[in-house]
Amino acid sequence: MDNRVLIIDDDRDLCALLLEYLETQGFEAQAVHDGAQALEHLRQHHYDVLVLDIMLPGMLGLDVLRNLREFDNTPVLMLTARGEDTDRIVGLEMGADDYLPKPCNPRELAARLRAILRRAGDRREEEEVSELHAGDTHIHMASRAATHAGQPVPLTSAEFNLLCVLLRHAGTVVDKDTLSREGLGRPLSAYDRSVDVHVSKIRRKLAEVGGDNLILSVRGAGYQFVLDDAG
């Protein structure tokens, strides 16, 4: 079955171009051009991945994302204005999985979508290991759920993937390129802060359930999930 993609962007010419290209690449793609209409559409229809523009009529893209995350965890790739680092970081903090600056290359968009779907979709090999844990932090692969000390830790798809990588290598430092490749499905690019933003969110969510100081930053090297006596 083709992966279903919804593009939410008011640039109709761009949407037509992207829809045509994605369909040649095996995606089943549709477009909505208004933020508020897109949100209502998503309450009634399921997609495998969303492409969401920041600047939208009806409701801004970040507001669509904020509202969407209240009822749906579908992976989201944000389209941002070139050079708008603040929008990218805010989008990642609010639960976006990746971003591309506009105007975007359709081929690169398709590659990014495949990477997101590869990490969020078929994980048969990963699910041969039913659970990962370090100390009181547990990840259940089949249900894609995380807990700490028995308390649920709500994670986005990208956050879950990155925590999996950290737990697999618990007690050792994982460099950012490895985290990006294994967690986000793409190599780390220059000035890309996606890994840092996602790890910051994972830390905050763990801390909210008592898991303080579990992920260390190692300057110039990467991140390390700390093993304690319970591990």
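Give the residue from ALA142, SER200, GLN37 lying farthest towards the positive end of the charge dipole for the chain; charges sit on Cβ (+1 for Lys and Arg, -1 for Asp and Glu) and the dipole is referred to the Cα centre.
SER200
Based on DSSP H runs of at least 4 residues, each adding -39500 (n - 2.57), what is the mean residue ellipticity at 222 nm of the chain after dividing by all its residues, to the nearest 500 deg cm²/dmol?
So the helix-based figure for the chain works out to -11000 deg cm²/dmol.
Output wanted: per-residue J couplings in Hz (rounded whole) for region 142-159, from phi through Karplus 6.51 cos²θ - 1.76 cosθ + 1.60, θ = phi - 60°, x for Gly and Pro.
Taking θ as phi minus 60°, the curve returns 5, 8, 6, 10, 10, 9, 9, 6, x, 9, x, 10, x, 10, 6, 4, 5, 5 Hz for region 142-159.
Work out the FRET efficiency for ALA16 and ARG193 from their Cβ-Cβ distance, taking R0 = 30 Å, and round it to the nearest 0.05.
In this case the efficiency is close to 0.40.
Run the dipole for the chain about the Cα centre, Lys and Arg Cβ at +1, Asp and Glu Cβ at -1, nothing else charged, and hand back the magnitude in debye, nearest 20.
The calculated dipole for the chain is roughly 380 debye.
Just order 36-48, 132-144, 191-203 by mean Cβ neighbour count inside 10 Å, highest at the front, would you?
Descending mean neighbour count gives 191-203, 132-144, 36-48.
Each residue of region 43-55 in turn: what ³J(HN,Hα) in whole Hz from Karplus with 6.51, -1.76, 1.60 and θ = phi - 60°, glycine and Pro shown as x?
Whole-Hz 3J(HN,Hα) from phi for region 43-55: 6, 10, 10, 9, 10, 7, 7, 10, 10, 10, 7, 5, 8.
Dividing the Cα convex hull volume of region 3-120 by residue count, how many Å³ per residue is that?
87 Å³
Note down the nm distance, to one decimal, between modelled labels 7 Å out along Cα→Cβ at ASP175 and at PHE71.
Between ASP175 and PHE71, the label points sit 4.5 nm apart.
For ILE8, ILE89, ILE116, what's the fewest-to-most ordering of other Cβ within 10 Å of each Cβ?
The fewest-first ordering by Cβ neighbours comes to ILE89, ILE116, ILE8.
Looking at the square roots a ≥ b ≥ c of the eigenvalues of the Cα gyration tensor of region 56-118, which shape do they give, rounded for a/c under 1.5, prolate if a/b is larger than b/c, or oblate?
Oblate, since a/c reaches 1.5 and b/c is not below a/b.
Per q in 0.12, 0.19, 0.23 1/Å, what log10 I(q)/I(0) does a Debye calculation on the alpha-carbon atoms of region 127-225 return?
Scattering profile of region 127-225, log10 relative to I(0): -0.34, -0.87, -1.29.
Taking every eigenvalue of the Cα gyration tensor of the chain, multiplying by 5 and rooting it, what semi-axes result, largest first, whole Å?
31, 18, 17
Expressed as a whole percent, how much of the Cα-Cα distance distribution for region 28-86 exceeds 14 Å?
Tail of P(r) above 14 Å: 53 percent of Cα pairs.
So in the chain, what percent of DSSP beta bridges are antiparallel if you round to the nearest 5?
Rounded to the nearest five, the antiparallel share is 45 percent.
Taken together, the values in this text are just the output of simple stated rules run on the coordinates, not laboratory data. Just so you know, these numbers come straight off a predicted model, no measurement behind them. Every residue, glycine among them, receives a Cβ derived from its backbone with ideal geometry; neighbour counts consider all protein chains shown.
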